[in-house]
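The values are calculated or read from the model by the stated rules, or taken from the named source; none is laboratory data. If you're wondering where the values come from, they're calculated on a predicted model, not measured in any experiment. Using ideal geometry, Cβ is built from the backbone for each residue, glycine included, and neighbour counts are taken over all protein chains shown.
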Amino acid sequence: MPTNRPLAGIRIVEVEGIGPGPFAAMMLADLGADVIVVHRPRSGPVVGLKERPVTDRGKRSLVLDLKSDAERDVLLKLIAHANGLIEGFRPGVMERLGLGPDICLAVNPRLVYGRMTGWGQDGPMAERAGHDLNYIAMAGALWSSAPEGDRPTVPPTLVGDIGGGALYLVVGMLSGIIAAGRTGQGTVVDAAIYDGAAHMQNLLMSIAGGVEDGPSAQANPLVGAHWSRTYRCADGGFVSVQCLEPKFYTEFLGKLGLAEDADFVNHQFDQAAWPHLSDRLAQVFAAQKRSYWEQLFHGSDACVAPVLSPREAFSHPQNVARQTWHEVDGSLQAAAAPRFDGHTPAPPADIRARGQDSDAILAALSDHSGWPESPEN
């Protein structure tokens, strides 16, 4: 692992899971941590998952059967020299495997034990099944996703699994590792998608006029407004519009030739007028192709942008300049984020096959009691 990245020298053990746990571990690996993912034995592919998912990039792979006493002991040897552990099982599963926090922290008192769940480690929902949509619905984060009277929109899993889950787990892991460096004492990080999704709503709670109950459209001033939505173009493409500030809204109207239209000028924040004004703008945007609107608003502060697929984003001049999207073996991957001054962003790391590093890691563990160093070091 290159030594010039921010998390160089940090060692993470990830017990294979799905969704936010692997994403959090990938993010730590992107930033330079040495991550060993412990894959479970399996006889065939998992439906809906790639054999080499992007979330495994930059990690070494070790296959262990954690129901085996001998192979569980191998994991404990790794944990003894790790800074952090990430697991995403329901509460109690790791304890039943003999790998709960008490055992792991006894082996390594400085360990930061990261637990990724939907509902958290306690409460009446803790052991219930759920998915992204359920967690953000119960947390209040889905409430304001649709105009009044419409059904709440199903957002991408970015809101719950990644926003409320993985990113909060990363913050928790890094905070715990910093604290362990200062105090010598590890901790358990209880990262629940439910908690993180609720925490993100504090931004809406800070907006004047936001409400904690009542019509959902009033809870989020960015939902339902004619200046905050997407519009279909003549070719079937879409553009996004979100000119919240009056100066940007004025520029938006000017670009559309509506700067003198009293309905638009006088009713930017009049919710009663939003449906009618949205219908008018829908007709305007439907009259031209997306490329026309891209050219019209290019270089302006009207806060209008095309809705692009990842493949289209890859070809956009912003990506050509910034190299956020990469093509690897015919598939797209987004580069590590955030970036750091003085460090050139590295291209996406290799995705190792399941168990590809098992022999090397096991051999290293049998030779000495330390962490098996990556051959890249």
It is to be established whether one or more residues within the range 302-314 are in contact with a Lys or Arg (Cβ under 6 Å, 6 or more places away or on another chain), farther than 27 Å from G140 by Cα and either in a helix (DSSP H, G or I) or not hydroxyl-bearing (S, T, Y) (or both). yes
Positions within the range 251-301 being among the hydroxyl-bearing types (S, T, Y) and surrounded by fewer than 17 Cβ atoms within 10 Å (Cβ to Cβ), in sequence order: S291, Y292, S300
Tell me, yes or no, whether the range 306-326 has at least one residue that is crowded, with 17+ Cβ neighbours inside 10 Å and more than 29 Å from A24 (Cβ to Cβ). yes
So if I check each of I103, I193, I136, which one is farther than 28 Å from R11 by Cα, at pLDDT 85 or above and assigned by TED's automatic domain parsing to the domain that holds D69? I136
When you look at A166, is it surrounded by fewer than 18 Cβ atoms within 10 Å (Cβ to Cβ), under 29 Å from G186 (Cα atoms) and aliphatic (A, V, I, L, M), yes or no? no
Residues D350, D359: which one is charged (D, E, K, R) and without any contact (Cβ under 8 Å) to a residue 24 or more places away in the chain? D359
The range 332-377 - residue that is small (G, A, S) and exposed (fewer than 12 other Cβ atoms within 10 Å of the Cβ) and, of those, nearest to G9 (Cα to Cα): G370
Under the condition of being part of a loop (DSSP other than H, G, I, E, B) and not small (G, A, S), which residue from the range 49-63 is surrounded by the most Cβ atoms within 10 Å (Cβ to Cβ)? R52
Could you please tell me which pairs satisfy a Cβ distance under 6 Å, a separation of 6+ or placement on different chains, a first residue in the range 317-333 that is in contact (Cβ under 8 Å) with a residue 60 or more places away in the chain, and a second residue that is in a helix (DSSP H, G or I) and of a type outside the set (D, E, K, R)? Q333/V54
In the range 52-74, which residue that is among the small types (G, A, S) and within 25 Å of D350 (Cβ to Cβ) is farthest from the chain's Cα centre (by Cα)? S61
